[in-house]
Amino acid sequence: MPYDVPFVPTPEVVVRRMLQLANVRRDEVVYDLGCGDGRVVIIAAREFGAQSACIEIRKDLYEQTLRRVKDLGLEDRVKVIYGNFFEEDLSDADVVFMYLLTSVNERIRPKLERELRPGTRVVSHDFEMPGWKPLIVEDLYEEWRSHKIYLYKIPGMEVPIPTEGIKNADTLLHDENLISIAKLIDGNRSIEDIALKTGLTNRQVRNMINELIKTGLVKELRLIK
Ligand SMILES: C[S@@+](CC[C@H](N)C(=O)[O-])C[C@H]1O[C@@H](n2cnc3c(N)ncnc32)[C@H](O)[C@@H]1O
């Protein structure tokens, strides 16, 4: 299989800063496109409590990452995939980490725009995503050179649409957390708004909304791109 990008690792201090800027939180799902030696998924899992995954096309690097993950006992937190990141489903990501090339970013952009949910953060080392407006561009000096970090967020909103029954959430539901989320659902607030208000992650809020859809108190999760 042809490699789109050679293996050059991101220095660990830069990895940490990138994950910090992307505000990775416990149990969020972080994808690294191209595992290299596995440092990104390992740091994301050990230091940020993420549920991380990476995709690597080179067998030797895939095996190296898998070995490191096993040696550290991180198999339940890190998924290592042998394959081509152009062909893997990335829709479950909360954060996508990339150290590729501008030309490769440009080629993967339509896939990211198609698959990633609104609010997903994309953080790229040294190479920007042509056509996207970064939220943050940061220079980080490390040993002998400066590194550029680009942080993006997928635009759009996911808005839970309530049914009439939501007014009676107090009496119909038994779970306090679900009740407090139900009270915030008004057909205008997005998952991100609710997450900000409650201090939960988008993922946690989305999971609760899926519960509320099962109870019939929420009609649907409307995607506004
Ligand atoms: C510049 S390195 C970055 C490694 C790691 N993400 C980091 O930041 O330390 C790019 C990695 O992507 C892998 N790669 C290149 N093309 C790929 C593809 N189409 N699918 C999966 N991995 C690929 C390379 O083998 C290499 O390990």
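The values are calculated or read from the model by the stated rules, or taken from the named source; none is laboratory data. No experiment lies behind these values; they were computed from the predicted model shown. Cβ sites come from the backbone with ideal geometry, for glycine too, and all protein chains shown count toward neighbours. In case anyone asks, the SASA skips ligands and DNA or RNA and just uses the protein heavy atoms, side chains included. Shrake-Rupley method; radii C 1.70, N 1.55, O 1.52, S 1.80 Å.
A few notes on this one:
- Gained length - Glu113 relative to Asn168, 0.36 nm times residue gap less alpha-carbon distance: 16.0 nm
- Surface analysis of segment 157-225 yields an accessible area of 57 Å² per residue, using protein heavy atoms and a 1.4 Å probe.
- Residues in segment 31-69 that a label on Glu138 would reach, taking backbone N under 16 Å of a point 7 Å out along Cα→Cβ: 44, 48
- Segment 12-153: equivalent-ellipsoid semi-axes (sqrt of 5 x gyration tensor eigenvalues, Cα, Å): 21, 17, 15
- Over 27 Å (Cα to Cα) - which of Lys59/Lys111; Lys153/Lys214; Lys111/Lys214; Lys111/Lys133; Lys79/Lys111; Lys133/Lys225 fall in this group: Lys153/Lys214; Lys111/Lys214
- Orientation-averaged projection of segment 157-224 equals 3.8 nm² [convex hull of Cα atoms, one quarter of hull surface area].
- Simple Cβ-charge dipole of the chain, Lys/Arg +1 and Asp/Glu -1, about Cα centre, in debye nearest 20: 320 debye
- Protein accessible area in segment 157-224, 1.4 Å probe - carbon and sulfur %: 50 percent
- Mean accessible surface per residue for segment 1-102, computed with a 1.4 Å probe while every protein chain stays in place, in Å²: 44 Å²
- Think of the chain as having a plus end and a minus end, set by charges on the Cβ of Lys, Arg, Asp and Glu; of Pro11, Ala93, Ile224, Ile224 sits farthest toward the positive end of this dipole.
- Under a model in which nothing but the beta-carbon of Lys, Arg (+1) and Asp, Glu (-1) is charged, segment 21-136 shows a dipole of about 140 debye around its Cα centre.
- Helix axis angle, 39-48 relative to the chain longest principal axis, alpha carbon, degrees: 40 degrees
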